[in-house]
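Shown next, in structure tokens, is the structure this report addresses.
The values are calculated or read from the model by the stated rules, or taken from the named source; none is laboratory data. Keep in mind it's a predicted model, so treat the numbers as computed, not measured. All Cβ positions, glycine included, derive from the backbone under ideal geometry; neighbour counts span all protein chains shown. Quick note on the areas: whole protein, heavy atoms, side chains included, nothing else; ligands and nucleic acids left out. Shrake-Rupley method; radii C 1.70, N 1.55, O 1.52, S 1.80 Å.
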Amino acid sequence: MVFKLRLTKRLIYLVILFHLISCVNTYKLSDGISRVPSNSKVYKNKSKFNISLLNTIDTSVVYEKYSIRYNILARMDNHPETSIYGVYRFYPGGYFNYFVLDRDIALDIKDFDPVYTGYRGVYYHEKNEIRYDNFGISNGLGWIGKLTGAFTFIGDTLYKKSDYSSYVQIYIKRELPKEYLKYRVDW
């Protein structure tokens, strides 16, 4: 009985510790769903941004999710599992947003407004890689935490490799009307 009690206390302690380590203080954006860090100090790696990255990254487009499973852009995938797909929007100063869209709902300008929605991050140069720090959903409970990894850009394709998985995600360049991408950021 004492052993079970100690094990339970340790497990609770580990869950609380994991929560404190993996999550950051956040506030909700205007969409009522997206949460972003309250303290801009979490974006400290932005100081490693190098303007030469703009020779590789196109900041005038979005990069949208490609379904490797079905070999089609995720927004065109009509399989019933999900209608949700993500896009990355990169900004010139080393910032980016990850926006979650629904293929069944027509795009709206506010879908790309970083004050209204999206998960924020920074990209920078480190050890001959384009690294990223993204603050998004980090576990099944919806907690917001720091997600890290590397971006590789080849032509019109973005390859995203997380530090926590061997799985590589693919995103394809997509042009949108200029008014969708008029927003500036500085967090």
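Worth pointing out:
- Filtered residues of the stretch 148-179 (kept if part of a strand (DSSP E or B) and of a type in the set (K, R)): K160, K161, K173, R174
- Boolean, T117 is part of a loop (DSSP other than H, G, I, E, B), touching a residue at least 24 places away in the same chain (Cβ under 8 Å), under 22 Å from K146 (Cα atoms) and touching a strand residue (DSSP E or B) at 6+ places or on another chain (Cβ under 9 Å): yes
- Restricting the first member to the stretch 46-61 and to residues that are over 13 Å from E126 (Cα atoms), and the second to residues that are open to solvent by 60 Å² or more (accessible area, probe 1.4 Å) and of a type outside the set (D, E, K, R), the beta-carbon pairs closer than 6 Å and six or more apart or on different chains are T59/P92.
- Matching residues, the stretch 74-98, being of a type in the set (F, W, Y) and not in a strand (DSSP E or B): Y91
- The listed residue being touching a helix residue (DSSP H, G or I) at 6+ places or on another chain (Cβ under 6 Å) and among the basic types (K, R), out of R69, R103, R120: R103
- Tabulated pairs, the stretch 70-84, first at pLDDT below 95 and open to solvent by less than 60 Å² (accessible area, probe 1.4 Å), second of a type outside the set (S, T, Y) and part of a loop (DSSP other than H, G, I, E, B), C-beta under 6 angstrom, 6+ apart or interchain: S83/R103; S83/D104
- Residue check, S52 in a helix (DSSP H, G or I), modelled with pLDDT of 95 or more and open to solvent by 40 Å² or more (accessible area, probe 1.4 Å): yes
- Matching entry among K41, K28 (being modelled with pLDDT of 90 or more, under 17 Å from the mean Cα position of the chain (by Cα) and loosely packed, with under 11 Cβ neighbours inside 10 Å): K28
- Scanning the stretch 127-150 for residues that are farther than 15 Å from I57 by Cβ and in contact (Cβ under 8 Å) with a residue 60 or more places away in the chain turns up D133, F135, S138, N139, W143, I144, G145, K146.
- Filter pass, E129 being among the charged types (D, E, K, R), touching a strand residue (DSSP E or B) at 6+ places or on another chain (Cβ under 6 Å) and surrounded by fewer than 18 Cβ atoms within 10 Å (Cβ to Cβ): yes
- Which numbered condition R103 fails, given (1) surrounded by 16 or more Cβ atoms within 10 Å (Cβ to Cβ); (2) within 23 Å of V36 (Cβ to Cβ); (3) charged (D, E, K, R): (2)
- Yes/no for V122 being hydrophobic (A, V, I, L, M, F, W, C), assigned to a loop (DSSP other than H, G, I, E, B) and within 21 Å of S40 (Cβ to Cβ): no
- Failed condition for V36, given (1) in a strand (DSSP E or B); (2) open to solvent by 60 Å² or more (accessible area, probe 1.4 Å); (3) in contact with a Phe, Trp or Tyr (Cβ under 9 Å, 6 or more places away or on another chain): (2)
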